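This report concerns only the one structure given below.
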């Protein structure tokens, strides 16, 4: 039995869901999201909750059971609260600023890095060393944050670069004389 899969996904007030075949569509205050489940599971909507059950005893259907329930739960969380990733920039002269739909990053290169912000994601810069990525799609928010971080990942000697807020960087000792 999947501990995650057997729990139904409760729909909070202000959120409506519809199930047609294998497609679940969730509407909420922040927008609309949908997810199409595989044929290995059965998705049903009953008394303001979405429940997922496996179609058979096969290993694949049990794997899809918990994953499908988590995906539906992420749809509900996305349209109610949204998802957020916070990045910190560490290093002398490293900074970020927002110009329209472009994030300008000064990361120690001979040129500034211009990062185009994709549709469906909101990027804000509260301080010039902090970046906040928000949206209703968890995968897209995480991918945009990872793409920004990829420009200058944190290095292990001085810790300079772009890191997630609260991320621990294993520091190495430098050369000894």
Worksheet item: Just to be sure, is residue 144 free of Cβ contacts under 8 Å to residues at least 60 places away in the same chain, within 13 Å of the chain's Cα centre (by Cα), farther than 30 Å from residue 5 by Cβ and surrounded by 15 or more Cβ atoms within 10 Å (Cβ to Cβ)?
Response: no
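So that you can scan it fast, the table gives a plain yes or no per residue for (1) out of contact with any strand residue (DSSP E or B) (no Cβ under 8 Å at 6 or more places or on another chain); (2) under 26 Å from residue 148 (Cα atoms):
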| residue | (1), (2) |
| --- | --- |
| 27 | no, no |
| 66 | yes, no |
| 84 | no, yes |
| 95 | no, yes |
| 117 | no, yes |
Worksheet item: Within the range 125-138, can one find any residue that is under 21 Å from residue 77 (Cα atoms), assigned to a helix (DSSP H, G or I) and at pLDDT below 95?
Response: yes
Worksheet item: Quick check, is residue 176 free of Cβ contacts under 8 Å to residues at least 12 places away in the same chain and either surrounded by 13 or more Cβ atoms within 10 Å (Cβ to Cβ) or more than 18 Å from the chain's Cα centre (by Cα) (or both)?
Response: yes
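Let's see how each residue does on (1) in a strand (DSSP E or B); (2) surrounded by fewer than 12 Cβ atoms within 10 Å (Cβ to Cβ); (3) in contact (Cβ under 8 Å) with a residue 40 or more places away in the chain:
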site	(1), (2), (3)
70	no, no, yes
78	no, no, yes
119	no, yes, no
153	no, no, no
Worksheet item: In the range 80-95, which residues are without any contact (Cβ under 8 Å) to a residue 60 or more places away in the chain, surrounded by 15 or more Cβ atoms within 10 Å (Cβ to Cβ) and not in a strand (DSSP E or B)?
Response: 82
Fill in: In the range 16-38, the residues that are buried (at least 18 other Cβ atoms within 10 Å of the Cβ) and either assigned to a loop (DSSP other than H, G, I, E, B) or modelled with pLDDT under 90 (or both)
37
Discussion item. Can you say whether residue 60 is in contact (Cβ under 8 Å) with a residue 12 or more places away in the chain, more than 30 Å from residue 107 (Cβ to Cβ) and in contact with a strand residue (DSSP E or B) (Cβ under 6 Å, 6 or more places away or on another chain), as far as the supplied structure shows?
Written reply: no
Discussion item. Quick test for you: out of 100, 108, pick the one residue that is in contact (Cβ under 8 Å) with a residue 24 or more places away in the chain, exposed (fewer than 14 other Cβ atoms within 10 Å of the Cβ) and on the phi > 0 side of the Ramachandran plot.
Written reply: 108
Worksheet item: Can you tell me which residues in the range 39-60 are surrounded by fewer than 18 Cβ atoms within 10 Å (Cβ to Cβ) and either over 19 Å from residue 10 (Cβ atoms) or touching a helix residue (DSSP H, G or I) at 6+ places or on another chain (Cβ under 6 Å) (or both)?
Response: 39, 55, 56, 57, 58, 59, 60
Worksheet entry | Matching option when the condition is within 22 Å of the chain's Cα centre (by Cα) and more than 30 Å from residue 24 (Cβ to Cβ), among 119, 86, 130 | 130
Worksheet item: residue 47 fails exactly one of the following numbered conditions: (1) free of Cβ contacts under 8 Å to residues at least 60 places away in the same chain; (2) in contact with a strand residue (DSSP E or B) (Cβ under 8 Å, 6 or more places away or on another chain). What is the number of that condition?
Response: (2)
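The values are calculated or read from the model by the stated rules, or taken from the named source; none is laboratory data. This is a predicted model, so every value here is computed, not measured. Virtual Cβ from ideal backbone geometry, glycine too; neighbours counted across all protein chains shown.
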